[in-house]
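FYI, it's all coordinate maths here, none of it is from the lab. The structure presented is a predicted model; accordingly, all values stated were derived computationally and were not measured. Note: ideal-geometry Cβ built from the backbone for every residue, glycine included; neighbour counts use all protein chains shown.
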């Protein structure tokens, strides 16, 4: 099979056989790819999550080298498992492929999936191939869990804490829209309209968008800590949208102190070049795949210690309070209502993630 | 929300909330819909399978009432679990929806999913919503298993056994192509070009296509039997294609005795009306979702007893033999090579399941 052969010429049976031959058997896999179902060793509690990338909605083929697309498809599911404080173990891959997609694309996608799986101790155990109009990469990941971090469980007075920095993935999306590109190795291949000295800001933002790195080990480590974190979810829709979700789950309100937001420095640099400001990207931009945590004030120091072990930075960005679900920005003593601008696939035709939250 | 409101107007957040409110909590579900991941109670071994229905590839919206589509999306995954001799427990639902799809369609789909889940003791525990060009219903089902039925394990001399009758789903697909229709309750709503006296053949064929009923309890019951069945898989691609898969998995050949095929009587009646013959539908037609079993000859009587308990009919249709993977039809003492004509999503543009296997 030549790399440029369209999958429609290869045929479903041969393509399945080819992909199956690429997948190594992993620990705990009793029956892997190729049977009616996979059989995997599990504990008394199993975590399940599913998340899907659809061409034209979540990615464009000309923007995403297939290897990075494979990595991202797994990472966004791993993020969900980590935010429950679980350990990801197994994944199934359901692919939809247009018939003219070349084998090289599918192989590149599997390069990324298998590489990311190996990095994180996940075994691919099965899947499904289907023809479709657009490329669809739909993964389900199983994990083990014990002490679960839920979205519920937060209390008024809990501090709102985020990991890492915010806004880089949204800035990366803007850069893609302007023509900047990464190659399959994740290196900058096209600066788009940016000058040479902007390159060191471009690459991390593009990588945050195309190959996110959620704090998996930190999330899992929180299972060892009792009552340090009250509630958690992953930042996929953007801080404002996800914090509203946290509020709704707990029937609480929240305020954010703008000064405290850990705006990603590379995103800030890029936006400044473009005469803008990365603050709204950090507040509303999606796909950071960091963690959003509700933490009782007296436990923040303990949490910082755990974060230090895993080289994860933490920022307190606000607080939960009594009151109907809703968000405010705090300016000194004054509070100003904040309307979340989280991503809505259905309501924003022909637009991707919430990447242009001006004003 | 009015039933005719397009999902694009409702928005992702409100639609998720609405669907979540419809899903009951089930046994073993520690964290259900609405968290980053679901958490479910499992045993030491978990079965996982994923199967996807894509509009324009696996179904057409004008052919499939949404309730039946929901039932089928679950049933085809349940079939995979049953063919491993497992018990399905949990399902996640990943939906892709065009923005103009009305709420009534999504609700109808969930009517079917929830109803079929309740019938079979399955809990919906999570999922994902995404915009897409075509409707996509991608399910992952988790089950429990102990003594697994694999595709491997067959031996030369094993009899080839199928459950139920064959060809009805393929005949149902032909009837849909000619304009016959079921309503959401599974009752005949349009006979298409058929005369009134053909109606009792039409309805079962359409139902086999739109709302398949795999022998779930029988498949599960086989876990209680030691060494009665050597290998099994479900008949989704058609007997010839799936039997070739069984041959390939076991490096064996197989012959089929045409006289022994349990051609579905309703399919036979329909095809006869059209001046044809249902034999090739039974041999090559897909989506029967019956079981294909490799059974040592001395255990067939025991297997018949188990099947009797679950009101499942069994037919010996051929035998496995030494020799390179390949199929033959046996006519008396003569063998004629049989080329499988199983379904290939990629190789047959703009065509659905292998439903027109003339000659």
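Tabulated data
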{"read-out": "Order of B:229, B:54 under a 10 Å beta carbon neighbour criterion, fewest first", "value": "B:54, B:229"}
{"read-out": "Within chain B, helix-based [θ] at 222 nm, where runs of 4 or more DSSP H residues each add -39,500 (n - 2.57), nearest 500", "value": "-9500 deg cm²/dmol"}
{"read-out": "Residue B:118 paired with residue A:225, simple spin-label distance in nm, labels 7 Å along Cα-to-beta-carbon", "value": "4.3 nm"}
{"read-out": "q = 0.09, 0.10, 0.17 Å⁻¹, the stretch A:159-338: log10 I(q)/I(0) [Debye, one scatterer per Cα]", "value": "-0.33, -0.41, -1.04"}
{"read-out": "Cα shape, the stretch B:122-215, gyration tensor, a/c 1.5 rule", "value": "oblate"}
{"read-out": "Values of log10 I(q)/I(0), in the order q = 0.13, 0.15, 0.22 Å⁻¹, for the stretch B:7-144 under a Debye, Cα-only, solvent-free model", "value": "-0.51, -0.69, -1.44"}
{"read-out": "Residue order, fewest to most beta carbons within 10 Å, for A:291, A:1", "value": "A:1, A:291"}
{"read-out": "For the stretch A:107-168 and the stretch B:58-125, distance of Cα centres in Å", "value": "23 Å"}
{"read-out": "Two-site label geometry, residue A:213 and residue B:298: point separation in nm, points 7 Å out along Cα→Cβ", "value": "6.2 nm"}
{"read-out": "Per-copy distances of the residue B:251 label point, shortest first, in nm (7 angstrom along Cα→Cβ)", "value": "6.5"}
{"read-out": "Size descriptor, Kirkwood hydrodynamic radius, that averages inverse alpha-carbon separations across the protein assembly as shown, Å", "value": "26.6 Å"}
{"read-out": "Burial ordering of A:15, B:45, fewest other beta-carbon atoms within 10 Å first", "value": "B:45, A:15"}
{"read-out": "Calculated label separations, residue B:14, copies of the chain, 7 Å along the beta-carbon direction, nm", "value": "5.0"}
{"read-out": "Calculated label separations, residue B:333, copies of the chain, 7 Å along the beta-carbon direction, nm", "value": "10.8"}
{"read-out": "Cα gyration tensor, chain A - rounded (a/c under 1.5), prolate or oblate", "value": "oblate"}
